[in-house]
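Have a look at the structure below, then the notes.
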Amino acid sequence: PNITIVGGGNPDLLPEEAKNMTIGMALEPMENLSLTVDYFSIEQTDVVFASERYVIDQHHAGNPDYANDVKRASNGTGYVLEVFSPANNVAARNIAGIDFNANYLLSTDIGEWRFNLDTTYATKFEVQDVSGNPFRDITGTYDNAFGSIPEIKASFQMDWSMDNLRATWDFNYNSEIEATETDIMDATVFHNMQVGYFIEGIETDVNFGIQNVFDKKAPFLKATLTSTDDSLYSHRGRFMYVGIKKSF
């Protein structure tokens, strides 16, 4: 059955607060090569959040703050009819991790090459459902309210250019996600590419690209309505596009 979701503003909403710490290091061990490493730690309180699934879970768990926010059929014993889920303050959240970047530029007789790698390793993603409750770490798992939190996310991009011609190849990686012991979404890599040419006489840039070059299917996750996590993946499959940019 259809469910009515009521969202919008909340006059009782408080601004969330955070304590942030970042420690970083940048290195250039050789010409045209740069490396950066950053450790980050964020402690958030009064986190602003809106999720109808979170409201349903809290109502089901008997949280009195959400007692009247879910309307059910059959005098409150049947399926969900309506959920009241405006933006709200939902306790606290602690996040920590390491960011790594490597960037290298190579000039050759057959063009200029640039290689760039970005990686984030999440060491902690702790959430507190209700103020006073213990924290639970959802790193590497799928959570009904917060979705998927990959332990490792990485992207690699290789650019080539020569005169007015250019090409790009990149890939995006997410580590595996566990919803339950028997429901695990595989680690997945998706590849994309683009070629372009700048026409000087008419000051026009044209490009052609392909998203999901190998037409890879989104990894399966039983816990979600769409059999994958839409915040990470798409069921669209291979997608081709053409772009034109004109300067006046």
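Details
- Residues that are among the polar types (S, T, N, Q) and not in a loop (DSSP other than H, G, I, E, B), drawn from region 7-55: ASN20, THR22, SER34, THR36, SER41, GLN44, THR45
- Hits in region 223-244 (condition: of a type in the set (Val, Ile, Thr), in contact with a Ser or Thr (Cβ under 9 Å, 6 or more places away or on another chain), closer than 20 Å to PHE171 by Cα and open to solvent by 50 Å² or more (accessible area, probe 1.4 Å)): none
- Candidate set: region 77-92, residues that are touching a Ser or Thr at 6+ places or on another chain (Cβ under 8 Å) and part of a strand (DSSP E or B); chosen: the one farthest from ASP12 (Cα to Cα): LEU81
- Matching option when the condition is small (Gly, Ala, Ser), open to solvent by 30 Å² or more (accessible area, probe 1.4 Å) and assigned to a strand (DSSP E or B), among SER107, SER74: SER107
- Answer residue from region 88-100, given it is surrounded by 15 or more Cβ atoms within 10 Å (Cβ to Cβ) and touching a Leu at 6+ places or on another chain (Cβ under 8 Å) and is farthest from ILE42 (Cα to Cα) among those: ASN88
- Taken across region 136-143, residues that are farther than 30 Å from THR168 by Cβ and more than 18 Å from the chain's Cα centre (by Cα) do occur, with at least one present.
- Enumeration of residues in region 110-122 that are open to solvent by 60 Å² or more (accessible area, probe 1.4 Å) and within 20 Å of SER175 (Cβ to Cβ): ASP118, TYR121
- ILE177 being surrounded by 15 or more Cβ atoms within 10 Å (Cβ to Cβ) and in contact with a Leu (Cβ under 9 Å, 6 or more places away or on another chain): yes
- Residue ID - farthest from the chain's Cα centre (by Cα), chosen from residues in region 42-71 that are surrounded by 15 or more Cβ atoms within 10 Å (Cβ to Cβ) and of a type in the set (S, T, N, Q): ASN63
- Residue that is nearest to LEU225 (Cα to Cα) [pool: residues in region 128-162 that are surrounded by 15 or more Cβ atoms within 10 Å (Cβ to Cβ), aliphatic (A, V, I, L, M) and at pLDDT 90 or above]: ILE149
- Scanning region 200-215 for residues that are open to solvent by less than 60 Å² (accessible area, probe 1.4 Å) and more than 19 Å from TYR233 (Cβ to Cβ) yields THR204, ASP205, VAL206, ASN207.
- Residue ID - nearest to TYR39 (Cα to Cα), chosen from residues in region 12-27 that are aliphatic (A, V, I, L, M) and open to solvent by less than 100 Å² (accessible area, probe 1.4 Å): MET21
- Among the residues of region 175-212, those identified as in a loop (DSSP other than H, G, I, E, B) and among the hydroxyl-bearing types (Ser, Thr, Tyr) are SER175, THR182.
The values are calculated or read from the model by the stated rules, or taken from the named source; none is laboratory data. These numbers come from a predicted model, not from an experiment. Cβ atoms come from the backbone with ideal geometry, glycine included; neighbour counts cover every protein chain shown. Side chains included, ligands, DNA and RNA excluded: accessible areas come from the protein's heavy atoms. Shrake-Rupley method; radii C 1.70, N 1.55, O 1.52, S 1.80 Å.
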